[in-house]
Every structure is written in C-alpha cells, then in structure tokens.
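Take a look at the structure below.
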Amino acid sequence: MTTTLISRRGMIAGVGATLMTPAIARASEDFTRRNVSSFVSQDWRDHFETLGVGCIVCDTGSRALHYWSADGSDYRVYPTSVPKTDELTRRGYTEIVRKKVGPTWTPTASQMERFPDWHPVEGGAPDNPLGTHAMYLDWPAYLIHGTHDTRKIGRPSSDGCIGLYNEKIAELFAITEIGTQVRMI
C-alpha cells in the first residue's frame, strides 16, 4: 500500500493554482481579443467607380492604408499613424499629385502658431518628421509619408497626414503612380 503525504505548502500551491485557472484563462482570452488586428477589410468598389492608375483608401478609424494596383491584382494593407483629432482629419476624395524621396519638411502656419520653436528640416535628416519618402495630395499640406518615429504608427499622432514606417512608405512609393486616387475615411 502506498501512502501519499501532502505537505501544507503543496496543498496551498494546489488550491491556489485551481483558484487562479479561470482568471488566467480570462486574461488570456482578453489578451488575444485585444491583439486581433483592428483593420477593417475594404473593397475598392465601395469607394471608387474604377481602379484608374490605382487607388488608396486611408481608413483613419482602423488606422490602415489600403492600396490596389491599376489591374486589381495587387492589394496591400499598411498600418498607419493618423491625425490627432477629428478637427485635423480631412475626409473625402483626392489624388497623389507629386512624389518626393528625401522630402524637406516645413511647418505650416498653424503649426508655427502652436509651436514657435519649430523650424524647417532638410530631407534626409534623422529628425525629419516626413521620413524618407512623401506622396503629396492635391489638398495643401496633406501627405502620405514615412516617419523615423516608429512609436507613432498605429496611433493618432499627426497634424493631418497619414504616416507609415519608412520601409513601408518606400515600398508603397515604388508602386504608386502620380494620379492614384485617394479616399480618406
């Protein structure tokens, strides 16, 4: 006959583990649920009549940029930074009118009012808020650009622009043509 001795320490550990199991399971479920991508699937047909030379939907709600090539065979989704407030968010239809590698950043008049110590930053500088590439929209002072500050991606952190990781804006820049349709939602 075998005798099993249970120490007081073992008993406390066993009871504690039993009591903690439901809490650990709930925490694990919450963690998984919160980390599921918040990107909302988009279809270009919901926004444009034709693909044209390509199209982009910047979804400020899910903080994602959706890109479709001219023939629809290439669809990509990129995480973005979005404007800090609703007042800074312009919505509607526009297009890419210019592209620039190593863009120079110049603060707007409203930025200079709020931050008088800000000054223009040359293209290629490590502190350039536009990162390595920029695509200019036909709305003045609104761009899709890179950022050296990777903490901004996935957050409301801009004064109106859409920001991407530098390696992602370089990829998007290479496949996006001037005249690409853009919708900000």
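The values are calculated or read from the model by the stated rules, or taken from the named source; none is laboratory data. Note that this is a predicted model, so its numbers are computed, not measured. For neighbour counting, all protein chains shown are included, and Cβ atoms are generated from backbone atoms with ideal geometry for every residue, glycine included. Heavy atoms of the whole protein, side chains included, go into the accessibility calculation; ligands, DNA and RNA do not. Shrake-Rupley method; radii C 1.70, N 1.55, O 1.52, S 1.80 Å.
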Original post:
Taking the range 71-96 on its own, how many of its residues are open to solvent by 50 Å² or more (accessible area, probe 1.4 Å) and either farther than 20 Å from Thr147 by Cα or of a type in the set (D, E, K, R) (or both)?
Top reply: 11
Original post:
Hey, among the residues in the range 126-142 that are open to solvent by less than 20 Å² (accessible area, probe 1.4 Å) and either under 16 Å from the mean Cα position of the chain (by Cα) or free of Cβ contacts under 8 Å to residues at least 40 places away in the same chain (or both), which one's farthest from Leu65 (Cα to Cα)?
Top reply: Asn128
Subject >> Filter result (part of a loop (DSSP other than H, G, I, E, B), among the small types (Gly, Ala, Ser) and under 18 Å from Asp43 (Cα atoms)) within the range 53-106 >> reply: Gly61, Ser62, Ala70, Gly72, Ser73
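Every residue, every condition in (1) modelled with pLDDT of 90 or more; (2) of a type outside the set (A, V, I, L, M, F, W, C), yes or no:
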| position | (1), (2) |
| --- | --- |
| Pro120 | no, yes |
| Asn128 | no, yes |
| Asp138 | yes, yes |
| His148 | no, yes |
| Thr176 | yes, yes |
| Thr180 | yes, yes |
| Met184 | yes, no |
Subject >> Residues satisfying the stated conditions in the range 44-99, i.e. aromatic (Phe, Trp, Tyr), at pLDDT 95 or above and touching a Phe, Trp or Tyr at 6+ places or on another chain (Cβ under 6 Å) >> reply: Trp68, Tyr75
Original post:
Of these, Lys99, Lys84, which one is in contact with a strand residue (DSSP E or B) (Cβ under 8 Å, 6 or more places away or on another chain), of a type in the set (D, E, K, R) and within 19 Å of Lys152 (Cβ to Cβ)?
Top reply: Lys84
**OP:** Those residues that are assigned to a loop (DSSP other than H, G, I, E, B) and more than 18 Å from Gly131 (Cβ to Cβ), I need them from the range 158-185; list them, please.
**Re:** Glu177, Ile178, Gly179, Thr180, Ile185
Original post:
Could you say whether any residue in the range 104-123 is open to solvent by 70 Å² or more (accessible area, probe 1.4 Å), among the basic types (Lys, Arg) and in contact (Cβ under 8 Å) with a residue 24 or more places away in the chain?
Top reply: no
**OP:** Would you mind stating whether Glu167 is of a type in the set (Asp, Glu) and closer than 13 Å to Lys100 by Cα?
**Re:** no
